[in-house]
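This report concerns only the one structure given below.
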Amino acid sequence: MIEILKNIQLIAPLFLFLSLVLPLVIFFFYSSRFNNKQAAPNKQTVTIPSYPLIGSYLALKRSGNRRLQWESDIVQISPANTFTFHRPLGHLQVFTGNPANVEHILKTRFSNYQKGYTVISTLSDFLGTGIFNSDGHTWKFQRQLASHEFNTKSLRKFVEQVVDAELTHHLMPIMASAAQQDQTLDFQDILQRFAFDNICKIAFGFDANYLTPSVERSKFAVAYEEATEIIINRFRELFPLGWKVKRALNIGSEKRLRMAVREVHEFAKNIVREKKRELKEKESLESVDMLSRFLSSGHSDEEFVTDIVISFILAGKDTTSAGLTWFFWLLSKNPRVEKEIVNEILDKSEAAVYDEVKHMVYTHASLCESMRLYPPVPTDTKEAVEDDVLPDGTVVKKGSLVTYHVYAMGRLESIWGEDWAEFKPERWLEKLESGKWKFVPKDSFTYPVFQAGPRICLGKDMAFMQMQSVVAGILRRFAVVPTVAEGVEPNFISFLSSQMEGGFPVKIIERETSN
């Protein structure tokens with residue numbers, strides 16, 4: 001009780017401040033409605049109404065669950081595909097889809113564009129100082145450590161074995177059962193659970209059994225999901241004060257977050273302690289998961305290894321599942337492409353091993369094309385350390401947020417041509433004299449789906465291996481058929497990664513060629 005009273009004393013001045021300024025906000029808002037008219041969007045002029053204190057928040061709020069599309073539309077019609085958004089309390093945020101700007105942010109002036117205080121402070125209760133929530137020397141050290149491990153053949157082999165086992169023993173039986181019983185599956189949910197089981201095994205060596213219907217969900221899996229959801233909602237609040245007050249008072253969603261984070265961290269630390277005991281007794285660990293690798297290389301600080309592994313789970317949990325969800329949706333609308341992929345799969349052996357799937361060039365191109373239109377991480381935001389000017393002339397003030405909009409970039413005619421809206425894997429391919437396809441990659445600053453520059457995704461090759469293995473395993477035996485009405489387009493929404501709003505209901509049809 002004493003602690004609560006102290007916290008109330010700390011925030012009382014803030015409530016007094018709001019009670020004084022709120023009437024002014026309302027006055028300026030209504031007066032501005034009659035004195036400001038929004039200019040019609042065109043390539044020369046983009047005007048977003050802005051008001052004192054709240055900035056352009058109302059315009060953003062009106063976009064509802066189509067926020068990404070709203071931002072993307074403005075990027076597309078803005079000069080140089082860049083615009084500046086007025087956030088509450090006078091803060092600025094630059095949105096860009098210009099590849100020259102992206103290279104400037106992610107490479108040329110890398111040191112000037114950091115995760116920054118806003119992002120790090122919002123995520124720190126959950127991710128601590130893990131690799132995806134740190135800057136400077138902390139980030140660089142973890143990056144070097146992780147980079148070494150990701151480049152080992154033994155880790156690649158381990159990932160391959162994990163994915164193959166999960167696919168064979170868990171995912172395929174669920175799909176076979178659904179096909180036999182004519183059952184409708186939320187395929188997005190299935191792929192998310194599959195990815196969670198995979199990444200937990202790869203990161204911790206722990207089988208979460210999140211996909212298996214008959215197994216009770218582990219407390220770790222449930223807590224991780226809840227913590228992720230609440231931490232994401234922090235970014236959606238108009239003022240950070242809201243969640244910070246709830247955290248100080250330990251009430252509502254912030255109380256649930258504290259409990260969920262405690263569950264996740266205690267579970268992770270128990271695994272760390274068990275592995276450290278094993279390492280002390282045996283002088284080496286038999287398991288080859290990432291945690292075991294970090295401990296075996298001499299990094300035994302509990303907080304450090306826990307934060308870095310929890311970060312990797314977050315990075316791998318929803319990204320591959322998001323990529324696959326939209327991939328299967330696009331295949332259902334493009335039977336010609338599906339036929340090409342199935343033919344390519346049938347030309348390979350049934351073993352979904354890396355040496356087989358890495359030669360599936362058309363499938364690889366189709367996944368790249370799918371993620372162009374529906375990127376797993378549709379935007380990424382940095383914070384400017386000092387004043388700067390982007391290559392297109394946009395002024396960036398110290399402390400401003402700068403967002404490169406991956407979703408918008410995949411829709412720019414200036415990059416992809418007039419047919420940008422078409423799902424066309426061939427734009428990634430070149431026909432050789434032998435008649436075979438050759439994959440032609442795009443510049444990472446034009447296609448920053450896996451970031452670019454010093455922070456480029458370490459797990460890129462691993463992600464493609466997982467996705468291609470899943471695609472090969474599923475399409476060899478089944479067709480995935482959406483149950484939505486003809487002409488209905490699912491809504492693309494984003495949290496930390498993208499999702500299909502309302503799920504992805506499908507029927508599973510067994511192929512005649514699989515018999």
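Considering each residue of region 78-100, count those that are closer than 12 Å to Gly393 by Cα and assigned to a helix (DSSP H, G or I), and give that number.
Qualifying residue count, region 78-100: 4.
Which numbered condition in (1) surrounded by fewer than 15 Cβ atoms within 10 Å (Cβ to Cβ); (2) assigned to a helix (DSSP H, G or I) is the only one that Arg236 fails?
Among (1) surrounded by fewer than 15 Cβ atoms within 10 Å (Cβ to Cβ); (2) assigned to a helix (DSSP H, G or I), the lone unmet condition for Arg236 is (2).
Take region 96-137 and flag every residue that is of a type in the set (D, E, K, R) and within 30 Å of Asp301 (Cα to Cα).
Lys115, Asp125, Asp135
Tell me which residues, restricted to region 74-105, are closer than 26 Å to Leu53 by Cβ, open to solvent by 50 Å² or more (accessible area, probe 1.4 Å) and either charged (D, E, K, R) or in contact with an Asp or Glu (Cβ under 8 Å, 6 or more places away or on another chain) (or both).
Hit for region 74-105 is Arg87, nothing else.
Can you name every residue in region 413-429 that is within 17 Å of Leu367 (Cβ to Cβ) and either open to solvent by 90 Å² or more (accessible area, probe 1.4 Å) or acidic (Asp, Glu) (or both)?
Glu422, Glu426
Among the residues in region 266-285, are any open to solvent by 10 Å² or more (accessible area, probe 1.4 Å), modelled with pLDDT of 85 or more and on the phi > 0 side of the Ramachandran plot?
Within region 266-285, none of the residues are open to solvent by 10 Å² or more (accessible area, probe 1.4 Å), modelled with pLDDT of 85 or more and on the phi > 0 side of the Ramachandran plot.
Consider region 113-156. How many of its residues are more than 29 Å from Phe235 (Cα to Cα) and either touching a Leu at 6+ places or on another chain (Cβ under 6 Å) or open to solvent by less than 40 Å² (accessible area, probe 1.4 Å) (or both)?
Residues flagged as more than 29 Å from Phe235 (Cα to Cα) and either touching a Leu at 6+ places or on another chain (Cβ under 6 Å) or open to solvent by less than 40 Å² (accessible area, probe 1.4 Å) (or both) within region 113-156 amount to 6.
Is it the case that Ile190 is closer than 15 Å to Ser321 by Cα, assigned to a helix (DSSP H, G or I) and of a type in the set (A, V, I, L, M)?
yes
For (1) of a type outside the set (A, V, I, L, M, F, W, C); (2) touching a residue at least 12 places away in the same chain (Cβ under 8 Å); (3) open to solvent by 70 Å² or more (accessible area, probe 1.4 Å), each residue gets a yes or a no:
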{"position": "Leu373", "(1), (2), (3)": "no, yes, no"}
{"position": "Glu386", "(1), (2), (3)": "yes, yes, yes"}
{"position": "Gly393", "(1), (2), (3)": "yes, yes, no"}
{"position": "Leu401", "(1), (2), (3)": "no, yes, no"}
{"position": "Tyr404", "(1), (2), (3)": "yes, yes, no"}
{"position": "Thr446", "(1), (2), (3)": "yes, yes, no"}
{"position": "Ala452", "(1), (2), (3)": "no, yes, no"}
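Can you confirm whether Asn250 is closer than 30 Å to Thr168 by Cβ, open to solvent by 10 Å² or more (accessible area, probe 1.4 Å) and not β-branched (Val, Ile, Thr)?
no
Residues checked against (1) assigned to a helix (DSSP H, G or I); (2) open to solvent by less than 10 Å² (accessible area, probe 1.4 Å); (3) within 27 Å of Glu254 (Cβ to Cβ):
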residue	(1), (2), (3)
Phe158	yes, no, no
Gln161	yes, no, no
Leu171	yes, yes, no
Met175	yes, yes, no
Ala178	yes, yes, no
Lys201	yes, no, no
Pro213	no, no, no
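Taking the stated definitions as given, is Pro335 in contact with a His (Cβ under 7 Å, 6 or more places away or on another chain), open to solvent by 40 Å² or more (accessible area, probe 1.4 Å) and modelled with pLDDT of 95 or more?
Values: in contact with a His (Cβ under 7 Å, 6 or more places away or on another chain): no; open to solvent by 40 Å² or more (accessible area, probe 1.4 Å): yes; modelled with pLDDT of 95 or more: yes.
Answer is no for this residue.
Condition (residue is part of a helix (DSSP H, G or I) and farther than 30 Å from Val377 by Cα) applied to region 281-289: is it met by at least one residue? Lay out the reasoning, then the answer.
Step one: of region 281-289, the residues part of a helix (DSSP H, G or I) are 281-282.
Within this subset, residues satisfying the condition of being farther than 30 Å from Val377 by Cα are 281-282.
Yes; the residues of region 281-289 include at least one that is part of a helix (DSSP H, G or I) and farther than 30 Å from Val377 by Cα.
Can Arg293 be described as open to solvent by 70 Å² or more (accessible area, probe 1.4 Å), part of a helix (DSSP H, G or I) and either touching a residue at least 12 places away in the same chain (Cβ under 8 Å) or in contact with a Cys (Cβ under 6 Å, 6 or more places away or on another chain) (or both)?
Answer is no for this residue.
Just a yes or no: is a residue in region 421-444 touching a residue at least 60 places away in the same chain (Cβ under 8 Å), within 21 Å of Val102 (Cα to Cα) and hydroxyl-bearing (Ser, Thr, Tyr)?
Checked region 421-444: no residue is touching a residue at least 60 places away in the same chain (Cβ under 8 Å), within 21 Å of Val102 (Cα to Cα) and hydroxyl-bearing (Ser, Thr, Tyr).
Could you please let me know if Val288 is buried (at least 21 other Cβ atoms within 10 Å of the Cβ) and either of a type in the set (Val, Ile, Thr) or in contact with a Leu (Cβ under 6 Å, 6 or more places away or on another chain) (or both)? Give the steps one after another, and end with the answer.
Values: buried (at least 21 other Cβ atoms within 10 Å of the Cβ): no; either of a type in the set (Val, Ile, Thr) or in contact with a Leu (Cβ under 6 Å, 6 or more places away or on another chain) (or both): yes.
Criteria not met by Val288.
The values are calculated or read from the model by the stated rules, or taken from the named source; none is laboratory data. Since the structure is predicted, the reported quantities are computational estimates derived from the model, not experimental observations. When we count neighbours, we look across all protein chains shown, and the Cβ atoms used for this are built from the backbone with ideal geometry, even at glycine. Surface accessibility is based on the protein's heavy atoms, side chains included, excluding ligands, DNA and RNA. Shrake-Rupley method; radii C 1.70, N 1.55, O 1.52, S 1.80 Å.
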